[in-house]
Structure formats: structure tokens, C-alpha cells
Amino acid sequence: MGRILAVCSSPARGTEKRRVGSGRFTPEWGLVGDAHGGDWHRQVSLLSAEKIKAFNERGAGVEYGAFGENLVVEGVDLRALPVGTRLRCGQVLLELTQIGKECHSHCAVYQRMGACIMPREGVFARVVEGGDLAEGDVLTVEPCVGGRPYRAAVITLSDQGAAGRREDRSGPA
């Protein structure tokens, strides 16, 4: 069992998220008002509070949301959960769809510290059942879909055209 320490959002992609205290999570969209919401497999990003704390002990001094995470969770090693795991927080039900991600352009944290934990420690989920979620809410880990975890490697491919634009073409989980 875990606890939500922070709910974070940003109006634009490529920017750090800010704590908003609470939010509405919509099925097959994500956090209402967050730039990463949409009909795709990475609607909500999560990071374990313990990983952020360990990174800060190395001198990073980052606030919740700095890695682009929507939810900071205490008491659950999110990275250790298999794809397909479901997380329940009140009415909200999330399903893990991806573990880690490729870092296409180094974020401000990476530029300052020479490292970033989101690519290897962050997890992503889609919203299965919606509702409101707030800091302090309890989060429980539910059995995987079909009673067994998925064993899959997720490879994120990047198509970079002549104009330097990058597009996520990794597809559904």
C-alpha cells in the first residue's frame, strides 16, 4: 500500500510540472489539464518518492514534478511492478503500460546533474476508471489483468525528420 505525495501538471509538453494538490483523471485521457493527456498509452506518469529522495541526497535539490511526473507515490517501488499491474486510488484505476522511457532531449535536471531518473525509474499508465485524486490519498496495488503480469520489452522508436521534429511511434503497450 502506498500514498500519493504529489499530484503535478503542466500546460505544455517539455516543461516541468507543478504541484496542483489534486486533479480529475478521465478514462482514456489522463489528468485533465495536463499536456500529456490524450488517447495513448502514456496518459499518466508516476515516480516513487523514495527514488526522488535518493536523487536529492546526491545534491539535485529537485521539487516534485521536476521530472515531468504526474504522481509521486510513497511506499511502492513502481519500477519493480510489471506492465499490466493496476493501481487503485479511490475511484481512480490506473493500469501500468510502460516502464521507463527514452530521453530524447536532456531535461533541465539532466543538464544540471548529468543524470535523470525518469527514463529508468518512471512508469506510465492509462486511466481505466476515472475520478478525483488528491495528495494524501491511499494507493493500492491490484493483481495484473488476467491474473498474471505481462512480460514484454517496450522499445520506443524515434522518427526524426529533416526538420528535427520527433514523434512518439511506440504504439500501445
Checklist entry - Does at least one position in segment 155-169 carry a residue that is modelled with pLDDT of 55 or more and either assigned to a loop (DSSP other than H, G, I, E, B) or crowded, with 16+ Cβ neighbours inside 10 Å (or both)? => result yes
Item to check | Answer residue from segment 61-84, given it is aliphatic (A, V, I, L, M) and outside any loop (DSSP other than H, G, I, E, B) and is surrounded by the fewest Cβ atoms within 10 Å (Cβ to Cβ) among those | outcome: 80
Checklist outcome for this item: If we ask which residues in segment 63-83 are in contact with a helix residue (DSSP H, G or I) (Cβ under 7 Å, 6 or more places away or on another chain) and farther than 25 Å from residue 32 by Cβ, their number turns out to be 1
Checklist entry - In this structure, does residue 87 turn out to be in a strand (DSSP E or B), surrounded by 19 or more Cβ atoms within 10 Å (Cβ to Cβ) and out of contact with any helix residue (DSSP H, G or I) (no Cβ under 8 Å at 6 or more places or on another chain)? => result yes
Checklist outcome for this item: Across segment 21-60, the tally of residues that are outside any loop (DSSP other than H, G, I, E, B), touching a Gly at 6+ places or on another chain (Cβ under 6 Å) and of a type outside the set (A, V, I, L, M) stands at 4
Checklist outcome for this item: Checked 90, 130 against criteria (modelled with pLDDT of 90 or more, more than 15 Å from the chain's Cα centre (by Cα) and on the phi > 0 side of the Ramachandran plot); the one match is 90
Checklist entry - What number of residues within segment 1-15 are over 14 Å from residue 44 (Cβ atoms), in a strand (DSSP E or B) and not small (Gly, Ala, Ser)? => result 2
Item to check | Hey, residue 84 in contact with a Pro (Cβ under 6 Å, 6 or more places away or on another chain) and not polar (S, T, N, Q) or not | outcome: yes
Checklist entry - Based on what the data block shows, is residue 96 at pLDDT 90 or above, under 11 Å from the mean Cα position of the chain (by Cα) and not polar (S, T, N, Q)? => result yes
Item to check | Filter result (modelled with pLDDT of 95 or more and under 19 Å from residue 73 (Cα atoms)) within segment 33-45 | outcome: 34, 43, 44
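The values are calculated or read from the model by the stated rules, or taken from the named source; none is laboratory data. Computed from a predicted model, the values in this text were never measured in an experiment. In this analysis, Cβ positions are derived from the backbone assuming ideal geometry, glycine residues included, and neighbour counts consider all displayed protein chains.
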